[in-house]
1. Assuming L102 fulfils every condition listed in (1) touching a strand residue (DSSP E or B) at 6+ places or on another chain (Cβ under 8 Å); (2) more than 11 Å from V11 (Cβ to Cβ); (3) touching a residue at least 40 places away in the same chain (Cβ under 8 Å) apart from one, which condition is it?
2. Working only within the range 141-159, note down all residues that are aliphatic (A, V, I, L, M) and either buried (at least 18 other Cβ atoms within 10 Å of the Cβ) or over 12 Å from S49 (Cβ atoms) (or both).
3. Within the range 40-55, identify whether any single residue is of a type outside the set (A, V, I, L, M, F, W, C), under 25 Å from K106 (Cα atoms) and exposed (fewer than 14 other Cβ atoms within 10 Å of the Cβ), and answer yes or no.
4. Give the residue, chosen from F142, F136, that is in contact (Cβ under 8 Å) with a residue 12 or more places away in the chain, in the same structural domain as W175 (by TED's automatic domain parsing) and in a loop (DSSP other than H, G, I, E, B).
5. Step by step: first the residues of the range 1-24, then only those that are among the basic types (K, R) and part of a loop (DSSP other than H, G, I, E, B), then the one that is surrounded by the most Cβ atoms within 10 Å (Cβ to Cβ). Which residue is that?
6. With the range 204-264 as the region, which strands (runs of 3 or more DSSP E) entirely inside it contain at least 2 residues that are surrounded by 18 or more Cβ atoms within 10 Å (Cβ to Cβ)?
7. Give just the number: which of (1) touching a helix residue (DSSP H, G or I) at 6+ places or on another chain (Cβ under 8 Å); (2) at pLDDT 95 or above does R63 not satisfy?
Amino acid sequence: MKKIFENRKIVLLTKHKKEKAIKILLEKETGGELVVESRFDTDKLGTFSREIKRPKSQLDTARMKIRRGMKLLKTDIGIASEGSFGSHPYAPIPWNVELVLLYDKKENMEIYGVYEGSETNFAHLKTDSLEKALKFAEQIGFPEHYLILRPDDEYSKHIVKDIDCVVKLKDTFHWCLIKSRSGNVFIETDMRAHANPTRMKNIEKATQDLITKLMNFCPECGAPGFIIKEAIKGLPCEQCGLSSEMTLKYLYSCHKCKHEQEQLYPRGQYAPAQYCDYCNP
């Protein structure tokens, strides 16, 4: 059986070795050939270490990467990965959202996979103590996970990346102390994919989510990417029977023939009372 992207080249614009998380999964399931394009510096679209702000949203930045990659390689299908880091919106824990976007110009199809969770070593420390710096490094998985150092604070223009061994860490820490006006060194985890194995695993999870969506075929026309268009709330409460905030049904839609199909009760027929605004206001 012919695979959906057989004999087609899929461009990935990256300078941070993201193909390690994407290539094997994508090629095995779709039959396409992933080609890495690195002639454009993706750091120009924004850096985690804040030298360059990301002007666009996570999704729009991924779209920009795909457009540039397709233009450089002269192909009609592309894939891009874009991540974000911060605090969970409701809890004081670090949070990572990874997006892997695919665009097929030939079929006019855009589809993305997502990983969202707390599996990240995203962290920082400001200290004047080398001992504390070394302890921090151990806690975040150094040297497999790289570090970035600055004098003073996170806004310093002096920045050293690619710190991947104890000797570099010690030397850079002392250099930053000399440069520092406050006597402190700002240390942070390097969140670039090639410098952070934990993030690379999350990109792989987002890629798997993308493939799962791609391999769901429309029951009417057989096109790939028969995905959830809308989650409709209103699952009845197990205690009072009133509508809750939990999902009652999913609405699936085909990008090609526009066929739609409902799936009732994707999370069971009743919602626990804790999710009911009446029983648990």
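1. (2)
2. Here is the first cut: in the range 141-159, the ones aliphatic (A, V, I, L, M) are 147-149, 159.
Across the range 141-159, the qualifying residues are L147, I148, L149.
3. Within the range 40-55, none of the residues are of a type outside the set (A, V, I, L, M, F, W, C), under 25 Å from K106 (Cα atoms) and exposed (fewer than 14 other Cβ atoms within 10 Å of the Cβ).
4. Just one listed residue meets the conditions, F142.
5. Step by step, filter the range 1-24, then rank; the result is K18.
6. 247-253
7. Every condition holds for R63 apart from (1).
Every residue, every condition in (1) touching a Leu at 6+ places or on another chain (Cβ under 7 Å); (2) outside any loop (DSSP other than H, G, I, E, B); (3) farther than 24 Å from D162 by Cβ, yes or no:
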residue: L26; (1), (2), (3): yes, yes, yes
residue: A62; (1), (2), (3): yes, yes, yes
residue: A80; (1), (2), (3): yes, yes, no
residue: P92; (1), (2), (3): no, no, yes
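The values are calculated or read from the model by the stated rules, or taken from the named source; none is laboratory data. All of these numbers come straight from a predicted model, not from anything done at the bench. When we count neighbours, we look across all protein chains shown, and the Cβ atoms used for this are built from the backbone with ideal geometry, even at glycine.
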